[in-house]
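Just below is one structure, and these are the notes that go with it.
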Amino acid sequence: MSQIENVDVLIVGSGPSGTSTALHLVKKNPSWAERIIIVEKETHPREKLCGGGVTHLGQNVLARLGLSFDVPNFEVKEARLLYQDQSYSFFADPVFRITRRAEFDHWLVQTAEKLGIQVHQGEAVLNVTPYEEYVEVETEKGIFHAKVLVAADGSRSFVRRKLKWPGESHVARLMEVLTPEEATSQSQFREGIAIFDFTPMINGLQGYYWDFPSYIDGQPVMNRGIFDSRARTERPKADLKKILRDSLAERDRDLGEYKLKGHPIRWWNRKNRFAMPRILLVGDAAGADPLVGEGISFALGYGDVAAGAIENAFSNQDFSFEDYRDRLLKHPLFHQLDIRTRVAKMAYKVQSPWLTRAVWLAVGEGLRRTRWGDPSFDPTERPHFRLLDANNPPVLSLKHEFPND
């Protein structure tokens, strides 16, 4: 029989939400580093299907942790939204950053390890059994008795499935390919333009096609894909492969020449259950953005809320987590997520072409009334970063400066 290891907080999954939870706890008190273990079935750097977009929402979470965006990324200066012959753009410096999840997640894990947090890589979870005083988690290499278990294991969460988690499970779909490019000949690379093309909605897609410029090992690559929100589940499923093939053909690319990957995204639903006694859901295991599929920024935000709930649970010796859902709903980031969910339900339910065009005209008018029409607009908090040296306790400190309005 494997030796049992007791731990205060066991985090299953080392993506942005799981690692963010650990980093937020350590920011609250450096002693948390010795009380946390992260287990991850893969070994970093590991590939992860994702558009890789990180908006100012995610950058600001990193800033509050005292972390600069110290990982390779492509700065998008213009996010161009298309629908048939209509085009609107968001401008900023930057609108968002595009990073490779393999590099981004590895960077977060390395940051956690530098702060003394244990990360067990290549250790898949085999079983989860809740008890009154702890949660027993069996992995490929041992058994943990955790006072708190954080499920940060993605949309296909093993923890959710194993515990037969209650509540609605609305899932969006996406497909992605990577196409090598010649950066110097393309305006999207030269000018930092990301494309969101909603034209395929006329073919039944409840979402959009995307073109994101990025780099892999220094080489220019276009991240191209299809996002289908499935806001109207009663409608026939759109043929994503055909829509992606046609969209690529319009851009002189042949889908058959590239490796195609697919992945689900679990919707955020404010009415869902996000916690059980001693167990919290974070990240895609809890729910992500159904409007445009933004995952990384909200995953980082889950870590902030979960850390506060965990600290409170140990302080009061109350591990019911009955207030976790309320904590999420009160957090500004998840207020934003709630709004996006409502917008997605409305936007992707429209079937009338003339009504869709009318909505797009309204979008253009609304955009002109915001600061996103200014290419020099910086939506981030402009933090000053300082990581304490090795001779000081392993904590992160941060001083903020906010831009003038």
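Miscellaneous remarks
- All positions within the stretch 85-122 that are within 27 Å of Asn29 (Cα to Cα), in contact with a Ser or Thr (Cβ under 8 Å, 6 or more places away or on another chain) and not polar (S, T, N, Q): Asp105, Leu108, Val109, Ala112, Val119, His120
- Residue within the stretch 358-368 that is part of a helix (DSSP H, G or I) and either touching a helix residue (DSSP H, G or I) at 6+ places or on another chain (Cβ under 6 Å) or among the hydroxyl-bearing types (Ser, Thr, Tyr) (or both) present: no
- Residue, farthest from the chain's Cα centre (by Cα), within the stretch 282-298, restricted to residues that are of a type in the set (Val, Ile, Thr) and farther than 14 Å from Val150 by Cα: Val292
- Scan the stretch 45-65 for residues that are in contact with a strand residue (DSSP E or B) (Cβ under 6 Å, 6 or more places away or on another chain) and either among the aromatic types (Phe, Trp, Tyr) or not in a helix (DSSP H, G or I) (or both) and the total you get is 6.
- Flag for Ser214 being among the polar types (S, T, N, Q), more than 27 Å from Glu250 (Cα to Cα) and either touching a strand residue (DSSP E or B) at 6+ places or on another chain (Cβ under 7 Å) or part of a helix (DSSP H, G or I) (or both): no
- For Glu136, the conditions (1) under 22 Å from Asp318 (Cα atoms); (2) assigned to a loop (DSSP other than H, G, I, E, B); (3) among the acidic types (Asp, Glu) all hold with the exception of (2).
- Residues of the stretch 251-284 satisfying the condition of being over 27 Å from Arg340 (Cβ atoms), assigned to a helix (DSSP H, G or I) and in contact with a strand residue (DSSP E or B) (Cβ under 9 Å, 6 or more places away or on another chain): Leu255, Glu257
- Residue pairs whose Cβ atoms lie under 6 Å apart, sitting 6 or more positions apart in sequence or on different chains, and linking a residue in the stretch 57-69 that is within 9 Å of Ser297 (Cα to Cα) to a partner that is buried (at least 21 other Cβ atoms within 10 Å of the Cβ), are Leu57/Ser297; Gly58/Ile296; Gly58/Ser297; Gly58/Leu300; Val61/Leu300; Val61/Gly301.
- Pairs where the first residue, in the stretch 299-314, is farther than 13 Å from Leu149 by Cα and the second is aromatic (Phe, Trp, Tyr) and in a helix (DSSP H, G or I), C-beta under 6 Å, 6+ apart: none
- Qualifying positions in the stretch 280-304 - farther than 24 Å from Asp211 by Cα and surrounded by fewer than 24 Cβ atoms within 10 Å (Cβ to Cβ): Asp304
- Odd one out for Pro394, checked against (1) out of contact with any His (no Cβ under 8 Å at 6 or more places or on another chain); (2) exposed (fewer than 13 other Cβ atoms within 10 Å of the Cβ); (3) modelled with pLDDT under 65; (4) not aliphatic (A, V, I, L, M): (2)
- Of all positions in the stretch 272-279, at least one carries a residue that is closer than 28 Å to Thr55 by Cβ and either surrounded by fewer than 20 Cβ atoms within 10 Å (Cβ to Cβ) or out of contact with any Phe, Trp or Tyr (no Cβ under 9 Å at 6 or more places or on another chain) (or both).
- Scan of the stretch 320-347 for residues that are more than 21 Å from the chain's Cα centre (by Cα) and either among the hydrophobic types (A, V, I, L, M, F, W, C) or buried (at least 16 other Cβ atoms within 10 Å of the Cβ) (or both), ordered by number: Phe321, Met346, Ala347
- Exactly one residue out of Val76, Val12 is at pLDDT 95 or above, surrounded by 24 or more Cβ atoms within 10 Å (Cβ to Cβ) and closer than 25 Å to Ser376 by Cβ, and it is Val76.
- Cβ separations smaller than 6 Å between residues 6+ apart or across chains give no pair from the stretch 161-180 residues that are free of Cβ contacts under 8 Å to residues at least 40 places away in the same chain and β-branched (Val, Ile, Thr) to residues that are buried (at least 17 other Cβ atoms within 10 Å of the Cβ) and assigned to a loop (DSSP other than H, G, I, E, B).
Here is a yes/no grid of residues against (1) under 17 Å from the mean Cα position of the chain (by Cα); (2) among the aliphatic types (A, V, I, L, M):
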site: Arg46; (1), (2): yes, no
site: Phe69; (1), (2): yes, no
site: Lys77; (1), (2): no, no
site: Leu82; (1), (2): no, yes
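The rows are residues; the columns are (1) crowded, with 19+ Cβ neighbours inside 10 Å; (2) among the aliphatic types (A, V, I, L, M).
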position: Ile193; (1), (2): yes, yes
position: Asp197; (1), (2): yes, no
position: Asn203; (1), (2): no, no
position: Gly207; (1), (2): yes, no
position: Asp211; (1), (2): yes, no
position: Tyr215; (1), (2): no, no
position: Gln219; (1), (2): no, no
position: Met222; (1), (2): yes, yes
position: Arg230; (1), (2): yes, no
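- The lone exception for Asp93 - which of (1) out of contact with any helix residue (DSSP H, G or I) (no Cβ under 9 Å at 6 or more places or on another chain); (2) assigned to a strand (DSSP E or B); (3) at pLDDT 95 or above; (4) of a type in the set (D, E, K, R) it fails: (3)
The values are calculated or read from the model by the stated rules, or taken from the named source; none is laboratory data. Computed from a predicted structure; not experimentally measured. Glycine also receives a Cβ, built like all others from the backbone with ideal geometry; neighbour counts cover every protein chain displayed.
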